[in-house]
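Single-structure report; data block below.
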Amino acid sequence: MEEPKPKQVKVGITRRDFMKLAGITGLTAWMVEKGLTWKDLFNMANDALSDPINIIWTGNGWCGGNTIAFIDAMNPAVEDVVTQVTFNLQPITLRSPSIANVGNINLVYHPILMPQDDMAYPTMEAALAGVFDPYVLVVEGTMFDEFGLYYKKPSDSFWCSAGRTPSGHVLLCDEFVFNLMKRAALVYATGACATYGGIPATTNGLGYRSPTYAMGMLDDPYRGILGFPAYLHEVYEKDLGYFRGEQVIDEDIYSATNSPYNTAYPGPSYHWQSKLGQPIVAIAADPPAGDWIMRTLVAGVLYVRGLAPPPSSTIDIFNRPKYFYGNETHQNCPRAGFFAQGIFAKNFGDPQCTYSLGCKGTEANSPAPRLGWVGGVGGCTRGGVCIACTAPGFPDLYEPFYAPPNAPTLPSTTLLAAAVGAGIVVGVGSYFLSRRRGKPMVPKAKGVS
């Protein structure tokens, strides 16, 4: 394969920078020095939008659910956002941009949606050479302990392959993502598996993990599981990063991007930073709705173009975007009023609060009840219960999913004052009566027979 050429850097500015420059007193002198007219300067701003923001999407220990959600997105849809795809390392234009200021977005690599099955290694090498700068890395699925930090497996065996090297050897998923992290402008983890480990990282309630020691990109402080950046750091520090007879984890991922190795809560992986100095953003759920994925990615593209705030300014303590995960699922639920009144459902299909059927909406954050799923229709809480798949600790801390909690608990601090004011004590008592009598319990108001 021909050696990829580094991308030529163009002298360009964004429209926002153009407007800023227009207010600078010395701009005219600078333009004269460069031989530029105002028309030239504005054209430079337009040219900057024509340069694509590239997306590299990796699939690791995955079921493909996030990809299905991604192509089901409707607001905006894939065809509204993706304007180019890459074939044999060459971009192919599909259509002109239809969303103002987003510009061209090129889907460089996706292991399911792309027609080729042998482009993982060439894509990785081209990315390392700067061909796709700037690019956004999307990680779907869990990462694995390929290097024996926790579990020593047979030499040259592996858990997850992203493809093959030119010599025919296995390209590890761990190696693939590790190298792509080095130059990524932004990194997104999408889905419960990629964020905090999800079901593959379960301890099955017994305290024992599978031999894969699956992990997410971010630490799960509830289960004591390190995220992938912290895992890579430990592998490099202990000189374990060898495969195929060569060192494939060849540097500390924190040093590679000048990131601080900070062990402060919720864990060191939350403090790793991308090339633009941004943390890994968690698009949490199992899977998230397509619109959540798409809108979060578009917000990141706008940031790279200089038209939106940095992701670090809009995330919560677990690196989830606040504009989707800022409220508890319970707070977004149309049944929340029943909860406050202590009116609980007996069976699925009852219109009352499903806390009695196992709903974990007071323990997780998501917009699912309010936004629905595809085009606002359906969703897990429309007929079922919240299983807290957007939270660290999922699934271990929230099982069994469809059984009532052992005892009703007060909501988290954000709901505590409101709960007290609404008579939560009455609600708890009504809950027990509902379970005992086998039907939803409606408390009577004073003075009404």
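Checked against (1) within 21 Å of the chain's Cα centre (by Cα); (2) surrounded by fewer than 17 Cβ atoms within 10 Å (Cβ to Cβ); (3) free of Cβ contacts under 8 Å to residues at least 60 places away in the same chain, Val374 passes all but a single condition, namely (3).
Filtering Ser269, Ser255, Ser274 for residues that are at negative phi and part of a loop (DSSP other than H, G, I, E, B) leaves a single hit, Ser274. Reported count of residues in region 127-149, each being closer than 21 Å to Tyr208 by Cβ and surrounded by 16 or more Cβ atoms within 10 Å (Cβ to Cβ), is 7. If you filter region 243-252 down to residues that are in contact with a helix residue (DSSP H, G or I) (Cβ under 9 Å, 6 or more places away or on another chain) and either assigned by TED's automatic domain parsing to the domain that holds Gly393 or not in a strand (DSSP E or B) (or both), you find that the one that is surrounded by the most Cβ atoms within 10 Å (Cβ to Cβ) is Ile249.
When Ser210 is tested against (1) under 15 Å from Met143 (Cα atoms); (2) among the small types (Gly, Ala, Ser); (3) assigned to a helix (DSSP H, G or I), only condition (3) is not met. For region 59-140, the helices (runs of 4 or more DSSP H) that sit wholly inside it and include 1 or more residues that are free of Cβ contacts under 8 Å to residues at least 24 places away in the same chain and out of contact with any Ser or Thr (no Cβ under 8 Å at 6 or more places or on another chain) are 78-81.
Let's see how each residue does on (1) on the phi > 0 side of the Ramachandran plot; (2) touching a strand residue (DSSP E or B) at 6+ places or on another chain (Cβ under 8 Å):
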site: Val170; (1), (2): no, yes
site: Leu180; (1), (2): no, yes
site: Ala194; (1), (2): no, yes
site: Ile199; (1), (2): no, no
site: Asn204; (1), (2): yes, no
site: Tyr208; (1), (2): no, no
site: Gly224; (1), (2): yes, no
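If you filter region 304-355 down to residues that are of a type in the set (A, V, I, L, M) and assigned to a helix (DSSP H, G or I), you find that the one that is nearest to Pro134 (Cα to Cα) is Val304.
The condition of being more than 20 Å from Ala284 (Cα to Cα) and modelled with pLDDT of 95 or more holds for only one of Gly241, Gly227, Gly216, Gly205, that being Gly241.
The values are calculated or read from the model by the stated rules, or taken from the named source; none is laboratory data. Every value quoted in this text rests on a predicted model; they were computed, and no experiment measured them. Glycine gets a Cβ as well: all are built from the backbone with ideal geometry, and neighbour counts include every protein chain shown.
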